Amino acid sequence: MAKLHEGLAIHKDRSAVAKKVIDEARGVFKSAAHFAGFVKRASYYKDEDKRFDAVEEKRVSETVPSKLDYVNTHMRAMLDLDYQIERANSFAAADLVVGDSITVSGVPVGFLLTIEAKFKEYRAMIDMIPTHAPGIEWVVDPDQSTKGDILKAKNDQRSFLTKKTPVYNVVVPATPEHPAQVKESHDDVRVAEVTTTVYTSTISPAQKSDMLARCDAVIQAAKRARQRANDTEISEDRIAQPLLDYIVHGS
């Protein structure tokens, strides 16, 4: 008997072929000319005109029953495979093994696929989590949160406010004949100290990296479990023929 993963491998092709055949049949059915024929005979009365006798014929190029038989061949193959896959999916399951231990036993293959897809979305969210600014030593601040999820920089940041103060320098000393020549400049003089305490509620780059790694482990575990589940055998049951017979023949 075939395995579920083997059925899944050909499912897309069978579905595509069935759709193509149905679309082609719709185009054929649009033109009644494919299903019509005639024989046109011209027979002259006078003997001298008999040479003009003629027969024109157009044969029927297609029949509706034969076209339906052709379409139904592909419909039957697609529907039977769909049925067999869904039957197998109802039994296909595997243990979800993360690391060295079984996290969940007997997970249905459909839900394993859900885990794989949804945790890829979850991983994309984790990848956007902001992390601590580098070069700063962070400590828990119990005054901000009792949960330990708000940190502050261990050392305050120090800066200064300055004010420009004029400074006068004698360039040329005074003489009895001339006054001194003085040049004015300005110095930045500290007038105040500013102390800044910085807080953050982000996580460390290492924490983020570990979360991403664990998320990847879950995704890979779901993928491996799904591959094991898809090793389930599929039945050879058929369901399409009675349905198609009922539609076409009413029986």
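Every number in this text was worked out from the coordinates using simple rules, so none of it is lab data. Nothing here was measured: the structure is a model prediction, and the numbers come from that model. Here the Cβ is made from the backbone with ideal geometry for all residues, glycine too, and neighbour counts use every protein chain on show.
Relative to the first principal axis of the alpha-carbon coordinates of the chain, what is the inclination of helix 4-30, with its axis defined by its Cα atoms, in degrees from 0 to 90 and to the nearest 10? Between helix and principal axis, roughly 60 degrees. Considering all different alpha carbon pairs of segment 1-135, the Kirkwood hydrodynamic radius works out to 21.6 Å. This ranking places THR195, THR165 by how few other beta-carbon atoms lie within 10 Å of each, fewest first, which gives THR195, THR165. For the chain, what class follows from the C-alpha gyration tensor (a ≥ b ≥ c being the square roots of its eigenvalues): rounded when a/c is under 1.5, otherwise prolate if a/b is larger than b/c, else oblate? Because a/c hits 1.5 or more and a/b fails to exceed b/c, the chain counts as oblate.
For segment 194-251, what is the Kirkwood estimate of the hydrodynamic radius, computed as the reciprocal of the mean inverse distance between distinct Cα atoms, to one decimal in Å?
Taking every pair of different Cα atoms in segment 194-251, averaging 1/r and inverting gives 17.6 Å.
Convex hull volume of the C-alpha atoms in segment 23-73, normalised per residue: 77 Å³.
Close lysine pairs were tallied over segment 93-234: pairs 8 or more places apart or on different chains with Cα atoms under 20 Å apart number 8.
May I ask you to derive the relative contact order of the chain, considering only C-alpha pairs under 8 Å and at least 6 residues apart, and to give it as an integer percent? 26 percent. The charge dipole of the chain, taken about the Cα centre with unit charges on the Cβ atoms of Lys, Arg (+1) and Asp, Glu (-1), comes to about 480 debye, rounded to the nearest 20. Net charge dipole, segment 91-142: roughly 240 debye, given to the nearest 20, about the Cα centre with Cβ charges of +1 for Lys and Arg and -1 for Asp and Glu.
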